[in-house]
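See below for the structure under consideration.
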């Protein structure tokens, strides 16, 4: 094929025609994708982010499949040629694009297995946070901090609670095959939390227990507030009966104090605010009741007798 006086090696009239069709097809696919985004933004808008996300995913997958089929129809009109090309392409892709293929397979598993969706709070690939986007290859997570009990986990965080750090993290979808995925909100949007209070053996531990239960009953999720659908899902889908929803206090005896642990149910979001309100109420009521929080200090209960001998010397000089 000769164009502008230049002979293009390996390009003839047939290949040039196919190349023009390919460029036109890709342009149409791009325009359809942009039109899809504009149409969904106009019809769904901000009413339902989940519905908008799934609509985009379905249309994007449909456009990608139709484009791929059309490209094969343009370039491989001969079945024998298609079989040979597919064999060579499959062998090359399997070796060179292992991570990409695994990530694409992970995307299918995430959707098919309902592992998580946009808006879920998860831990994936060592990253904790809320899913803000799900692509063919990567999952985008709005990162959150870590409680003090897991501050040593990698990577370390400067935010000492489950609140956003401000970082956006992308994790390859292939990580679901290597590590477990923890979902905080998928089927049961509540988690159990604990607050530990050490008090001395001589303190009124019964009164301290009442203070803990009062704070938990006021700020935690009650039995009546738990969604009936969530409870039914846990029973029918996972055969798990959630029985210990009301707050409870557990005792633990140590060498130095009694450790009271109150266990309560909270929503997966806003945990730090709940524990902050509980801590303020508990501190105030402990002070009113005259109960001190135990700490690693030591009381000296007795000393052996001490004898001090003072030697006096005369300050006057002898007279010569």
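The values are calculated or read from the model by the stated rules, or taken from the named source; none is laboratory data. Predicted, not measured: the structure shown is a model, and the values here were computed from it. Because the Cβ atoms are built from the backbone with ideal geometry, glycine has one as well, and the counts that use them run over all protein chains shown.
Here are the numbers:
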{"read-out": "Only one of 283, 279, 294, 268 that is in contact with a strand residue (DSSP E or B) (Cβ under 9 Å, 6 or more places away or on another chain), modelled with pLDDT of 85 or more, outside the structural domain of residue 224 (by TED's automatic domain parsing) and closer than 27 Å to residue 192 by Cβ", "value": "294"}
{"read-out": "Considering residues of segment 274-286 that are exposed (fewer than 15 other Cβ atoms within 10 Å of the Cβ) and under 13 Å from residue 218 (Cα atoms) only, the residue nearest to the chain's Cα centre (by Cα)", "value": "276"}
{"read-out": "Residue 196, sole failed condition from (1) surrounded by 12 or more Cβ atoms within 10 Å (Cβ to Cβ); (2) over 23 Å from residue 119 (Cα atoms); (3) at pLDDT below 95", "value": "(1)"}
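Per-residue answers, yes or no, for (1) free of Cβ contacts under 8 Å to residues at least 60 places away in the same chain; (2) on the phi < 0 side of the Ramachandran plot; (3) in contact with a strand residue (DSSP E or B) (Cβ under 7 Å, 6 or more places away or on another chain):
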position: 168; (1), (2), (3): yes, yes, yes
position: 179; (1), (2), (3): yes, yes, no
position: 184; (1), (2), (3): no, yes, yes
position: 200; (1), (2), (3): no, yes, no
position: 207; (1), (2), (3): no, yes, no
position: 210; (1), (2), (3): yes, yes, no
position: 214; (1), (2), (3): no, yes, no
position: 219; (1), (2), (3): no, yes, no
position: 224; (1), (2), (3): yes, yes, no
